[in-house]
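To start, the structure itself, in structure tokens.
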Amino acid sequence: MTDKTMTPEEVVGRLRSGMTIGIGGWGSRRKPMALIRALLRTEIGDLTVISYGGPDVGLLAAAGRIRRLVAPFTTLDSIPLEPHFRAARERGAFELTELDEAMFMWGLHAAANRLPFLPVRAGLGSDVMRVNPGLRTVTSPYEDGEEFVAVPALRMDAALVHLNRADRRGNGQYLGPDPYFDDLFCEAADTAYLSCERLVDRFGPDTVPQTLLVGRHSVTGVVETPNGAHFTSCVPDHDRDEPFQKLYATTPWPEFAERFLSGKSEDDYQNAVRAWHDEREEQRT
């Protein structure tokens, strides 16, 4: 079977400015942050980003890489509104297509099934229709004659997701409480790149089948990135780094980027984070 292992740099080397990029995870939970940081070390921009948004969106927005965002929200969970996203929106830095969470999910389903749209009830009677004048409705061809919102497929050039475990062929396993639709992101994209906390040689017969969320048929490349979801959570491997997330949310972007994102590799970032925690511990003692 094909060995699909790659480095973060090899993944972003396949991305281009102007692409539509889907990012898995949910808010500040199990985001492919190592791949986002690798993307920030390039000049790639003018992106359409599709995400249940968290600091992935915040980082890309602060760095000026987003042309259009499609999202139901952008949050840090324990901090309700992602501050760098908010700042970018307030200065009109990019376009926003804001969808109801259910509409967003069915847009992923439509793309994964190569359908142009799927009909949903969500959104009817709400301001979603007002703020998205491009949305259309359809009428059931059956006797009920019910009206639905026609949610367009959320097709992507590439998807980036992060899971707890993966093998070299591209099968991915989640061990936490929620799949966060990462399988749909991979299936909705032309190419998909899976980062993981740890590579395994194989998934044995004792593996719970439902935890094998992502199949190799929908994965282009696999990257082992221990702590690669930092500072978001990736339970049970690690919780969200709340002190560091607070630092991120309250530090001016140029200062944060200079200290933590100016290195040449993911190792540089992880070392900078460890140094900050060591300094914080010294101050407390």
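With respect to residue 137, determine if the residue is of a type in the set (Ser, Thr, Tyr), under 28 Å from residue 12 (Cα atoms), modelled with pLDDT of 95 or more and assigned to a strand (DSSP E or B). The answer is no for residue 137. Residues in the range 174-199 that are surrounded by fewer than 20 Cβ atoms within 10 Å (Cβ to Cβ) and of a type in the set (S, T, N, Q): 191 alone.
Taking the range 75-126 as the range and being aromatic (Phe, Trp, Tyr) and in contact with a strand residue (DSSP E or B) (Cβ under 7 Å, 6 or more places away or on another chain) as the test, the residues that pass are 85, 94, 106, 117.
Residues 241, 268: which one is over 23 Å from residue 78 (Cα atoms) and surrounded by 10 or more Cβ atoms within 10 Å (Cβ to Cβ)?
Within the list 241, 268, the selection yields 268.
When residues in the range 127-142 are screened for being more than 26 Å from the chain's Cα centre (by Cα) and surrounded by 11 or more Cβ atoms within 10 Å (Cβ to Cβ), 5 of them pass.
Listed by first and then second residue, the pairs with beta-carbon distance under 8 Å, at least 6 apart or on different chains, first residue in the range 78-107 and under 14 Å from residue 55 (Cα atoms), second in a helix (DSSP H, G or I) and among the basic types (Lys, Arg), are 79/246.
Given the conditions (1) aliphatic (A, V, I, L, M); (2) out of contact with any helix residue (DSSP H, G or I) (no Cβ under 7 Å at 6 or more places or on another chain); (3) crowded, with 20+ Cβ neighbours inside 10 Å, report the number of the one that residue 208 does not fulfil. Single failed check for residue 208: (3). Screening the range 201-285 for helices (runs of 4 or more DSSP H) wholly inside it with 1 or more residues that are under 18 Å from the mean Cα position of the chain (by Cα) returns the ranges 242-250, 266-284.
For the range 182-193, the count of residues that are part of a helix (DSSP H, G or I), within 29 Å of residue 86 (Cα to Cα) and in contact with a Ser or Thr (Cβ under 6 Å, 6 or more places away or on another chain) is nonzero.
For the range 1-119, which strands (runs of 3 or more DSSP E) that fit wholly inside it have 1 or more residues that are of a type in the set (S, T, N, Q)?
The strands (runs of 3 or more DSSP E) meeting that bar are 20-23, 47-51, 95-98.
The values are calculated or read from the model by the stated rules, or taken from the named source; none is laboratory data. Computed from a prediction, not measured in an experiment: that's the story for all the values here. FYI the Cβ positions are ideal-geometry reconstructions off the backbone, even for glycines, and counts take in every protein chain you see.
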